[in-house]
Amino acid sequence: MPRNMAYKASSLGEDLLWELMRRGSLAMEVAERTKDNVYAVFHGHLVPVAQEPLLTPFSVSLSSQGPVEVSFEGNFMILTAHAQPLSIGRPGESPGEIKGWPELVKLASVLGSLLRGDLDLHVSRLALKLLEEGWPDPEAVIEGAQRYVGAGAGSTPSFDDFLAGYITGWGRSLQARLDLSNTTYLSRAILSEVLADRDYLVEVARVRECAKGRGDLLHHSLRVASMGGSSGIFMLLGVTSALLQRVGEKDVLLKLWRSIGGTHRSP
């Protein structure tokens, strides 16, 4: 994304929006840039900025028109509100029954079959091994996951993407702590947020809630899967794994991962 240019924003994450409307203008330091994304930091929170950013309570969605001016000056981003934009809100966690898991498994299986790279397939086998050994205890899965944090390629390694989806899928019922010192800056920032707020990954949390009948499961699953590279697919597989564990469908879960990893037995 070009530096020292002005943009517009049509929607903001609800937490960032509240602060902007309270103050009228916000300045924050840019922590990292990629080809299509900027990641700033506001009061310790990661702020994804793009035309189609990772949706969080602190995201900034750029557009050709919008009531918020977004400018970059040096290593800082400045938001100025001329009117109130749309809010990207957390879906909230409901106590509903997870009835949509069969449809979600079908979607995850088809989308998971798109994984082709050697590193992605290796991470798939790691996830299979972890879920099989940790069944049925999610805390055992998290404990075992510690040795794989940072596995995979990219600015957010594939295993970390799976783990972010898995933790989101379990919601507040899962007590989880992780040492994130061995992964990338972006992955560390995202997982730290997910550990503190199970609705931080707004679109992934929507999939969790849609599986309880609270929305269009196909629409939100495809939105998650479309997130950069293989990241979204691994997040979708993570939330699917958590929901299958919650409903006790071990055989379905292992069959899903074996089909993706190309193996009939865990390594």
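The values are calculated or read from the model by the stated rules, or taken from the named source; none is laboratory data. This one's a predicted model, so the numbers in the text were calculated from it and none came from an experiment. Positions of Cβ are backbone-derived with ideal geometry, glycine not excepted, and every protein chain shown enters the neighbour counts.
In the stretch 1-99, counting only strands (runs of 3 or more DSSP E) that sit wholly within it, the ones holding 3 or more residues that are touching a Phe, Trp or Tyr at 6+ places or on another chain (Cβ under 7 Å), within 23 Å of Gly154 (Cβ to Cβ) and not aromatic (Phe, Trp, Tyr) span 25-33, 45-50.
Here is a yes/no grid of residues against (1) surrounded by 22 or more Cβ atoms within 10 Å (Cβ to Cβ); (2) part of a helix (DSSP H, G or I); (3) outside the structural domain of Phe42 (by TED's automatic domain parsing):
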| residue | (1), (2), (3) |
| --- | --- |
| Asn182 | no, no, yes |
| Ser187 | yes, yes, yes |
| Leu195 | no, yes, yes |
| Ser221 | yes, yes, yes |
| Gly229 | no, no, yes |
| Met235 | yes, yes, yes |
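Among the residues of the stretch 96-109, the ones that are at pLDDT below 95 and of a type in the set (A, V, I, L, M) come to 0 in all.
Look through the stretch 165-188, keep the residues that are of a type in the set (A, V, I, L, M) and in contact with an Asp or Glu (Cβ under 9 Å, 6 or more places away or on another chain), and return whichever of them is nearest to Val105 (Cα to Cα). Only one residue fits best here, namely Leu174. Give all pairs with beta carbons closer than 6 Å in which a residue from the stretch 38-66 that is under 18 Å from Gly229 (Cβ atoms) meets a residue that is polar (S, T, N, Q) and part of a loop (DSSP other than H, G, I, E, B); count only pairs at least 6 apart in sequence or on separate chains. So the pair list comes out as Pro48/Ser59; Ala50/Asn37; Pro53/Ser59.
Take the conditions more than 25 Å from Ala205 (Cα to Cα) and in contact (Cβ under 8 Å) with a residue 24 or more places away in the chain and apply them to Glu14. Does it pass? Here the answer is no, as Glu14 does not meet what is asked.
Just one residue in the set Arg214, Arg206 is out of contact with any strand residue (DSSP E or B) (no Cβ under 6 Å at 6 or more places or on another chain), modelled with pLDDT of 95 or more, closer than 21 Å to Gly92 by Cβ and not in a helix (DSSP H, G or I); that residue is Arg214. Tell me, please, whether a residue that is within 16 Å of the chain's Cα centre (by Cα) and among the hydrophobic types (A, V, I, L, M, F, W, C) can be found in the stretch 243-264. Yes, there is a match, as at least one residue in the stretch 243-264 is within 16 Å of the chain's Cα centre (by Cα) and among the hydrophobic types (A, V, I, L, M, F, W, C).
Scanning the stretch 22-37 for residues that are hydrophobic (A, V, I, L, M, F, W, C) and surrounded by 15 or more Cβ atoms within 10 Å (Cβ to Cβ) turns up Leu26, Met28, Val30, Ala31. Can you find a residue in the stretch 26-44 that is within 18 Å of Gly89 (Cβ to Cβ) and either touching a helix residue (DSSP H, G or I) at 6+ places or on another chain (Cβ under 8 Å) or not assigned by TED's automatic domain parsing to the domain that holds Ser226 (or both)? Within the stretch 26-44 (the criterion being within 18 Å of Gly89 (Cβ to Cβ) and either touching a helix residue (DSSP H, G or I) at 6+ places or on another chain (Cβ under 8 Å) or not assigned by TED's automatic domain parsing to the domain that holds Ser226 (or both)), the answer is yes, since at least one residue qualifies. Restricting attention to the stretch 141-173 and to residues that are aliphatic (A, V, I, L, M) and either assigned to a helix (DSSP H, G or I) or over 17 Å from the mean Cα position of the chain (by Cα) (or both), the residue that is surrounded by the most Cβ atoms within 10 Å (Cβ to Cβ) turns out to be Leu163. Report yes if Glu93 is surrounded by fewer than 21 Cβ atoms within 10 Å (Cβ to Cβ), at pLDDT 95 or above and outside the structural domain of Gly215 (by TED's automatic domain parsing), otherwise no. Yes, satisfied.
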